[in-house]
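Below is one structure; the comments refer to it alone.
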């Protein structure tokens, strides 16, 4: 397995270390697990919540990568530029966690083993409301696909709340996870959420967003996710430059374990 790690400059907590069993992606604001389970795998049963945080440790033989100057891979410039054009439409809604704020403090105010940006001899102290919010004991399960504006809205909220999520990709004609939504909920509509921590399952992006805000946040929904039709239109425009990539199924092989990807939705 492989994981992508980015500096946690948007999250109030230090980035967890990668586990060998499953690849998660916990970046600036969210941990996203892309599901790769057999079609027969059952949906997680409801379980009681716990305030204890999971512990993470690197796999045997893990060596941190050597830092390199940022660069775009040859032939990928147009793809990256197209993805970046989402910013003016969504204004980076998923870029910052709930209640994110920064301040400049003297260097001795930040522990030496804690990551922090430096500016004019001072260090940037980041805070948020995430540590005051309930955390799910088990990853929340969301069935969705990349080219869906309603799904994008939910992914943005996942980033805002820094949630551990198991995403089940359900593109058009997808044979593995898409039919399971019909079996569980009675219709092929996306996104579809199952929270094994509470036993709640639901359709409708706005309902899912409100549920996540009430259950794992402080009840507030970011302004760019609460504008109704305008939110949906801008979410669709944000993806138009990608020509609906991720909407149609491509023949693929399922890995034996979920793939961890650390990132956030902007």
Requested in this report: Kindly put 223, 233, 130 in sequence by how many other C-beta atoms sit within 10 Å of each C-beta, fewest to most.
Outcome: 223, 233, 130
Query raised in the report: What is the spread of the Cα atoms of segment 122-182 along each of their three principal axes, largest first, in whole Å?
Result: 52, 25, 16
Report task. State, as an integer percentage, the relative contact order of segment 160-266 based on alpha-carbon contacts under 8 Å between residues 6 or more apart. Result -> 22
Report summary line: Rounded to a whole number, the Stokes-Einstein D of segment 192-238 in µm²/s (Kirkwood radius over Cα pairs; 10 °C; 1.306 mPa s) is 137
Query raised in the report: Which shape class, rounded, prolate or oblate, goes with segment 112-242 when its Cα gyration tensor gives a ≥ b ≥ c as root eigenvalues, a/c under 1.5 marks rounded, and past that a/b bigger than b/c marks prolate?
Result: prolate
Requested in this report: Could you tell me whether segment 199-266 comes out rounded, prolate or oblate from its Cα gyration tensor? Rule is a ≥ b ≥ c as square roots of the eigenvalues, rounded for a/c under 1.5, then prolate if a/b exceeds b/c, otherwise oblate.
Outcome: oblate
Report task. Arrange the following residues from fewest to most other Cβ atoms within 10 Å of their Cβ: 183, 137. Result -> 183, 137
**Report entry** R0 of 25 Å, Cβ-Cβ distance residue 76-residue 122: FRET efficiency to nearest 0.05
**Finding:** 0.10
Report summary line: Distance in nm between residue 113 and residue 131 label points, each 7 Å along Cα→Cβ, equals 1.6
Query raised in the report: Roughly what % of DSSP beta bridges within segment 78-186 run antiparallel, to the nearest 5?
Result: 60
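On full extension of the chain, what length is gained from residue 56 through residue 249, given 0.36 nm per residue of separation minus the C-alpha to C-alpha distance? Numbers along the way, then the final one.
Numbers: separation 193, 0.36 × 193 = 69.48 nm, distance 3.33 nm.
Going from the current span to full extension adds 66.2 nm.
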Query raised in the report: Among rounded, prolate and oblate, which fits segment 162-233 when a ≥ b ≥ c are the square roots of the eigenvalues of its C-alpha gyration tensor, a/c under 1.5 means rounded, and a/b larger than b/c means prolate?
Result: oblate
Query - Neighbour-count order for 108, 162, fewest beta carbons within 10 angstrom listed first - result: 108, 162
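Coordinate-derived values only; no laboratory data. Computed from a predicted model, the values in this text were never measured in an experiment. Here the Cβ is made from the backbone with ideal geometry for all residues, glycine too, and neighbour counts use every protein chain on show.
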